[in-house]
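The values are calculated or read from the model by the stated rules, or taken from the named source; none is laboratory data. Bear in mind that the values here come from a model prediction, so they are computed numbers and not experimental data. Here the Cβ positions follow ideal geometry from the backbone for every residue, glycine too, while neighbour counts run over all protein chains shown. To get the accessible areas, we keep the full protein, side chains included, count just its heavy atoms, and leave off ligands, DNA and RNA. Shrake-Rupley method; radii C 1.70, N 1.55, O 1.52, S 1.80 Å.
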Amino acid sequence: MFTGIIETLGVIQEIKKEKDNIHITVNTSLVTELKIDQSIAHNGICLTVVDITDSCYTATAIGETIKKTTISHWQTNEIINLERAMKLGDRLDGHIVQGHVDQIGKCSIAEETNGSWFYTFDYDDSLGNITIEKGSITVNGVSLTVVDSGKNKFSVAIIPYTYEHTNFKKIEVGTKVNLEFDVIGKYVSKLYSNK
């Protein structure tokens, strides 16, 4: 479980393919606090640490994860959002995030709006995912509040702190992102669709 509050950024040092898997080596200031088998959200994708060196760690993504996320588009030197799993008893400052990406979205609007930033993301609504105004959404692992909600799109507003401390500053029109829709909303939607 995660909260969608990004701890730090990491830089991809190496991407290595092995059969259907991809091994991602990340350089981050968190490395001294990590241990093997720990779960970390990478742009919202929960991956397990499998190796640690002095300045980097490696996590592995399997074929199913690669198909549903933006991992296949990642490149070396790319900056990614990182969050370790929350501890029991910690504050839940964002919302309940599983680290299980539902689908990929695409940025259609990215603009500065007098001190903050406004983004619109399009997604394939045939998969049954929905957003609601003032509801929660996770974009590249960042817990956000939906400003506007449409049939196959939604908008979010980003404060300067979030813009500076996440990889949102790299998102522009056409950028693909990982989307995790609100887990409570997914359960409610599933209950109503089964009636």
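So which residues in region 100-109 are aliphatic (A, V, I, L, M) and open to solvent by 40 Å² or more (accessible area, probe 1.4 Å)? Lay out the reasoning, then the answer.
Of the residues in region 100-109, the ones aliphatic (A, V, I, L, M) are 101, 104, 109.
Correct list: ILE104, ILE109.
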Suppose the filter is touching a Lys or Arg at 6+ places or on another chain (Cβ under 6 Å) and open to solvent by less than 40 Å² (accessible area, probe 1.4 Å); does VAL97 pass it? no
Out of ILE6, ILE45, ILE12, report the one residue that is open to solvent by less than 90 Å² (accessible area, probe 1.4 Å) and closer than 15 Å to THR65 by Cα. ILE45
Consider region 1-33. How many of its residues are assigned to a loop (DSSP other than H, G, I, E, B) and either touching a Phe, Trp or Tyr at 6+ places or on another chain (Cβ under 7 Å) or over 30 Å from GLY135 (Cα atoms) (or both)? 3
Taking ILE62, is it of a type outside the set (S, T, N, Q), touching a residue at least 12 places away in the same chain (Cβ under 8 Å), surrounded by fewer than 15 Cβ atoms within 10 Å (Cβ to Cβ) and closer than 24 Å to PHE154 by Cβ? no
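Just to verify a result, which residue in region 66-93, among those that are part of a helix (DSSP H, G or I) and in contact (Cβ under 8 Å) with a residue 24 or more places away in the chain, is surrounded by the fewest Cβ atoms within 10 Å (Cβ to Cβ)?
Just the residues of region 66-93 that are part of a helix (DSSP H, G or I), to begin with: 66-68, 71-73.
Still in the list and also in contact (Cβ under 8 Å) with a residue 24 or more places away in the chain: 66, 68, 71-73.
Working: ILE66: 17, LYS68: 15, ILE71: 20, SER72: 13, HIS73: 10.
Here the residue is HIS73.
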Among strands (runs of 3 or more DSSP E) entirely inside region 96-177, those with 3 or more residues being among the charged types (D, E, K, R) are 103-112
Answer yes if at least one residue in region 23-36 is of a type outside the set (Phe, Trp, Tyr), open to solvent by 20 Å² or more (accessible area, probe 1.4 Å) and within 17 Å of the chain's Cα centre (by Cα), and no otherwise. no
